[in-house]
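Novice: Okay, handing you the structure first.
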Amino acid sequence: MSHFMILLPAPEAEWAKLPPEEHEKGMASHGQFQADLEAGGHRIIAVSPLEPSTLATSMRPDGNGGAIVTDGPFTESAEQVVGFYWIESDDEAGLREICARFASRGEHIELRRRPQEERHS
């Protein structure tokens, strides 16, 4: 069984400005994505939104054996990771097809496989 992380990058500031009907459209798209995953035999291990990046705590090495701890995101960028799906699947090709359909509805996603697992397409 292979494991995949589906990251959901999005511009937080833009999302916050969208009208409620756009948020509802996004939630419906996620509902369809979850139904498609289940129908395709892919197991959702975990799915969750994340707190805004402004509430993140960044930690990086200080070069002296310690860590620099700061509030806020690690990098300043237009998009932040706003959520994720952790998926277990034996059908990478099928999973990629479902992810492509999800993206075609206006969703930006990033699909990653656990590195120690062999690819089967």
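Novice: Have a look at Tyr85, Ser2, Pro49 and report the one farthest towards the positive end of the charge dipole of the chain, computed about the Cα centre with Cβ charges (Lys/Arg +1, Asp/Glu -1).
Specialist: Ser2
Novice: Something else: For the ranges 6-18, 82-94, what's the packing order if you count other beta-carbon atoms within 10 Å of each residue, average per peptide, and put the highest first?
Specialist: 82-94, 6-18
Novice: Let me ask something else. For an R0 of 30 angstrom, estimate the FRET efficiency from the Cβ-Cβ distance between Ala93 and Lys25 and round to the nearest 0.05. Before the final figure, lay out the partial values.
Specialist: Values: r = 28 Å, r/R0 = 0.93.
Efficiency computed from Cβ-Cβ geometry: 0.60.
Novice: Return the long-range amide H neighbours of Gln80 (sequence gap of 5 or more, or a different chain), with a cut-off of under 5 Å between placed amide H atoms.
Specialist: The answer is Ala10, Glu12.
Novice: Here is a further query. Quick query: amide H of Arg113 versus all other amide H atoms, modeled in the peptide plane; which residues come in under 5 Å with a sequence gap of 5 or more or a different chain?
Specialist: When sequence neighbours closer than 5 places are left aside, the close amide H contacts are Met5.
Novice: What does the helix-only formula give at 222 nm for the chain: each DSSP H stretch with n ≥ 4 adding -39500 (n - 2.57), the total divided by the residues, and the result rounded to the nearest 500 deg cm²/dmol?
Specialist: On the way: 3 runs with 39 residues, N = 121.
Helix-only estimate at 222 nm: -10000 deg cm²/dmol.
Novice: Sticking with this structure for a sec: Treating only the Cβ of Lys, Arg, Asp and Glu as charged (+1, +1, -1, -1), what charge dipole size does the chain show about its Cα centre? Round to the nearest 20 debye. Please report the intermediate quantities before stating the final value.
Specialist: Numbers: 11 positive and 21 negative charges, 38 e Å.
Dipole of the chain, to the nearest 20 debye: 180 debye.
Novice: At q = 0.15, 0.21 Å⁻¹, what is the base-10 log of I(q)/I(0) for the chain according to the Debye formula with one equal point scatterer per Cα and no solvent? Please give it to two decimals.
Specialist: -0.79, -1.19
Novice: Quick one: helix 20-39 against the long Cα principal axis of the chain, what's the angle to the nearest 10°, folded into 0 to 90?
Specialist: 60
Novice: Could you look at the chain and say what percent of its accessible area is carbon and sulfur, using a 1.4 Å probe and all protein chains?
Specialist: Details: 4330 of 7910 Å².
Whole-percent figure for carbon plus sulfur exposure: 55.
Novice: Expressed as an acute angle from 0 to 90° and rounded to the nearest 10, what is the orientation of the C-alpha long axis of helix 92-104 relative to the principal long axis of the chain?
Specialist: Once rounded, one gets 70 degrees.
The values are calculated or read from the model by the stated rules, or taken from the named source; none is laboratory data. A quick note: this is a predicted structure, and the numbers were derived from the prediction, not measured. Cβ atoms come from the backbone with ideal geometry, glycine included; neighbour counts cover every protein chain shown. SASA here: full protein model, heavy atoms, side chains in, ligands and nucleic acids out. Shrake-Rupley method; radii C 1.70, N 1.55, O 1.52, S 1.80 Å.
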